[in-house]
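Data block below; observations after.
The values are calculated or read from the model by the stated rules, or taken from the named source; none is laboratory data. Keep in mind that what you see is a predicted model, and the values were worked out from it rather than measured. Here the Cβ is made from the backbone with ideal geometry for all residues, glycine too, and neighbour counts use every protein chain on show.
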Amino acid sequence: MATPKDGKKHITLLGAGIISLQTALSLLTSTTSQNCTITIIASHLPGDLSLDYTSPRAGGIWRTFATSRPEDAELRQFDRRTYNAWMELLEQGDGTVGTENESKDERVKRVGLGIKECVNFWGHETEETQGGGKRLWWAGENGVVRDFEVLDISDDEKARGIHFGVRYKTISINVPRYLYYVFERVRALGVRIIKADVDMSYGLEGVVKGVGRILEQHNLPEPFALINCTALSARHFLPSPEKDNIFPVRGQTILVRGESHQGRTFTDFGIDDELAYVIPRPGSGSTILGGCKQIGNWSPDMDEVLNERILERIKKGKLAEELRTGPNGEFEVLSKQVGFRPGRKGGPRVEVEDVKKEGVWVVHSYGHSGGGYQNSIGCAEQVVKLVNGLPGIDS
């Protein structure tokens, strides 16, 4: 095994989804973490279309899943930080050489993010919407989002089952483009990328050993710390009871022609594992329609009956009328996809193992379910703090 020649600590990340890539970027751009070199080892990279690779299949819009309950405090911070960082990126740029004079439209297409108006509808009163939405932690004067307002629900909307609604400014994501944008940035900053499979058959210690073998094959030093960003794959090597906390949340979406000027969602209408949403992919001329949240469902097969329900629900709710440009007022379907959100009981696990494994510190960052993108920057900055607090990081 090679040894570091410059005194820098070698940090290795396992996985190349948005959580891993953003963590690498945050480590590299943090003023407190610049004594590190970084390697990413992953079975799948941006551009791959494996069902085991969730990040390219996401819908992609900032719509927080955190509640105002005390147990969601960390999740709220993740989401708040990411919203603010994305707004800053879109309004001020990222400092990339040659982009100083780009227009807003050029930046949207380059980065894969866009500021959009978003409308959320609820089919009945919930804990969060009680009191005219006063418990929506992300709204109002001390909230997160810009231009928040409670909507007056018309008789027509009431007839469509809408009980309550709000409007605000959000950030929508062209997921394939944004994922590749972050990937391009970390590569440009010197992150080594190794596409390889790590044997997960022998527990966490076995994974650490497997990572070490791969690094040795590439004449790289053993890691000071390994950051586990393996999403659902973590269940293959973590012990019980933790591995039993990890589960899929199956999603199914339809990509249609045309880019909606708004994001729209309709929830809590009486079917627990289904919802309706319209997510424009900025700069792409297309929009994602969905969807469902089927907990524990591993089926990779396309459910065409569900697709029919998704399209009919969006038509009935008049959620995407401007996109019905096909024959007879139908949507022009470009593709359909299934994906598996990485669910975890208790929410994301972002913490350090109590003791080293095979001489390596292990930092976990997985279990973000459907919130990986909107958690990503806040979560990554928390991982940076954890890495900077590891014993021996400064020696």
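Filtering the range 225-244 down to residues that are over 24 Å from Lys293 (Cα atoms) and in contact (Cβ under 8 Å) with a residue 60 or more places away in the chain, which residue is surrounded by the most Cβ atoms within 10 Å (Cβ to Cβ)? Going through the qualifying residues, I end up with Ile227.
So is Val362 in contact with an Asp or Glu (Cβ under 7 Å, 6 or more places away or on another chain) and outside any loop (DSSP other than H, G, I, E, B) or not? In short, yes. Do we have Ser395 as polar (S, T, N, Q) and more than 26 Å from Asp48 (Cα to Cα) here? Here the answer is yes, as Ser395 does meet what is asked.
Residues of the range 143-184 that are assigned to a loop (DSSP other than H, G, I, E, B), of a type outside the set (Val, Ile, Thr) and within 17 Å of Met87 (Cβ to Cβ): Gly143, Asn174.
Return the residues of the range 115-134 that are in contact with an Asp or Glu (Cβ under 9 Å, 6 or more places away or on another chain) and either under 20 Å from Ser284 (Cα atoms) or of a type in the set (Phe, Trp, Tyr) (or both); say none if nothing qualifies. Within the range 115-134, Ile115, Glu117, Phe121, Trp122 meet the criteria. The residue list Glu216, Glu259, Glu222, Glu274 contains one member that is surrounded by fewer than 18 Cβ atoms within 10 Å (Cβ to Cβ) and either more than 26 Å from Ile162 (Cβ to Cβ) or not hydrophobic (A, V, I, L, M, F, W, C) (or both), which is Glu216. Every listed requirement among (1) within 19 Å of Ser369 (Cβ to Cβ); (2) hydrophobic (A, V, I, L, M, F, W, C); (3) crowded, with 22+ Cβ neighbours inside 10 Å is met by Leu113 save one, (1). The set of residues in the range 1-46 being at pLDDT 95 or above and in a loop (DSSP other than H, G, I, E, B) consists of Gly15, Ala16, Gly17, Ser43, His44, Leu45.
Hey, can you tell me all the residues within the range 277-306 that are part of a loop (DSSP other than H, G, I, E, B) and of a type outside the set (D, E, K, R)? Listed by number, the residues that qualify are Pro282, Gly283, Ser284, Gly285, Gly296, Asn297, Trp298, Ser299, Pro300, Met302. Restricting the first member to the range 245-266 and to residues that are farther than 22 Å from Trp298 by Cβ and assigned to a strand (DSSP E or B), and the second to residues that are of a type in the set (Lys, Arg) and modelled with pLDDT of 95 or more, the beta-carbon pairs closer than 7 Å and six or more apart or on different chains are Gln262/Lys116; Gly263/Lys116; Thr265/Arg63.
If you go through the range 89-147 and pick out every residue that is β-branched (Val, Ile, Thr) and touching a Pro at 6+ places or on another chain (Cβ under 6 Å), you end up with 1. One residue stands out in the range 53-69 among those that are among the charged types (D, E, K, R) and out of contact with any Ser or Thr (no Cβ under 7 Å at 6 or more places or on another chain): the one that is surrounded by the most Cβ atoms within 10 Å (Cβ to Cβ), namely Arg57.
Name the residues in the range 94-110 that are assigned to a loop (DSSP other than H, G, I, E, B) and either of a type in the set (D, E, K, R) or surrounded by 21 or more Cβ atoms within 10 Å (Cβ to Cβ) (or both), would you? Scanning the range 94-110 gives Asp94, Glu100, Glu102. Looking only at residues that are over 16 Å from Phe65 (Cα atoms) and in a strand (DSSP E or B) in the range 113-130, which one is farthest from the chain's Cα centre (by Cα)? Restricting to residues being over 16 Å from Phe65 (Cα atoms) and in a strand (DSSP E or B), the top hit is Glu117. Among the residues in the range 126-146, are any surrounded by fewer than 19 Cβ atoms within 10 Å (Cβ to Cβ), touching a strand residue (DSSP E or B) at 6+ places or on another chain (Cβ under 7 Å) and farther than 19 Å from Ile61 by Cβ? Yes, that holds for at least one residue. The number of residues in the range 285-310 being buried (at least 18 other Cβ atoms within 10 Å of the Cβ) and among the hydroxyl-bearing types (Ser, Thr, Tyr) comes to 2. Of everything listed in (1) assigned to a helix (DSSP H, G or I); (2) touching a residue at least 24 places away in the same chain (Cβ under 8 Å); (3) farther than 23 Å from Gly378 by Cβ, the single unmet condition for Leu51 is (1).
Close contacts from the range 269-283, counting a first residue that is touching a residue at least 60 places away in the same chain (Cβ under 8 Å) and a second that is aromatic (Phe, Trp, Tyr), with Cβ to Cβ under 6 Å and a gap of 6+ residues or different chains, come to none at all.
Residues that are part of a loop (DSSP other than H, G, I, E, B), among the charged types (D, E, K, R) and surrounded by fewer than 19 Cβ atoms within 10 Å (Cβ to Cβ) are absent from the range 70-93.
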